[in-house]
Amino acid sequence: MADLSSLLKQIPVADIAKQLGIDESVAEAAVQQIVPGLVAGLAANAEDPKGAASLTKALSHDRGAVHKKKVTEIDVEDGKKIVRNVYGDKQDAVATKLAASATKASAAGDVTQDIIKQILPIVAPIVLAWLAEQFLGGKKEEPAAKEEESSTGGAIGDLLGGLLGGGSSSGSSNSTGDLLGGILGGLLGGGKK
């Protein structure tokens, strides 16, 4: 089974840093928190059957080999929609928590809420494309039958839970379990409100 370190390797940190005009260590610290934060948000939404169905539909959207694209070619508007769907009206609160955690976990300097908010819509399409590859095995189709919806929701929840439960081998000082419980717990509940 894939883990967060596999996903983190897909993120073009150096290109993101260059695009945003920030130090690469700051971009790295931000990405180390953003990726598990997105996965945790997706997992929280997948706990609800409607959220799981919505996520499965989002995974079936063909984003192409987004992880092989240049940062300037990533559809940031799609990324903004993903972030909005994952965090709802709690986007600012999540960005604040992720920034504080990134700054605390790294000697890279201050990772601001603004940096997090700029990186989130760049990283979100990469995360969804990677999850689609893991979940759908490269197929870009939704499950057809309605009765498959609950098993699909369980499967996507298992995939996301496995990513979070396995902890991060990325070298970050925060485990993903701590991230889910400490940073995002309470903000997201069982989905966005």
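Yes/no per residue for (1) at pLDDT 90 or above; (2) of a type outside the set (D, E, K, R):
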site: Ile82; (1), (2): yes, yes
site: Asp89; (1), (2): yes, no
site: Thr96; (1), (2): yes, yes
site: Thr103; (1), (2): no, yes
site: Ala107; (1), (2): no, yes
site: Thr112; (1), (2): yes, yes
site: Ile116; (1), (2): yes, yes
site: Gln134; (1), (2): no, yes
site: Lys139; (1), (2): no, no
Practice task
Would you mind stating whether Lys90 is buried (at least 16 other Cβ atoms within 10 Å of the Cβ), of a type in the set (D, E, K, R) and touching a helix residue (DSSP H, G or I) at 6+ places or on another chain (Cβ under 8 Å)?
Solution key: no
Exercise for the section: Can you confirm whether region 55-74 contains a residue that is surrounded by 18 or more Cβ atoms within 10 Å (Cβ to Cβ), basic (Lys, Arg) and at pLDDT below 90? Expected result: yes
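The values are calculated or read from the model by the stated rules, or taken from the named source; none is laboratory data. Because the structure is a prediction, the values reported are computed rather than measured. Ideal geometry is used to build each Cβ from the backbone, glycine not excepted, and the neighbour counts take in all protein chains shown.
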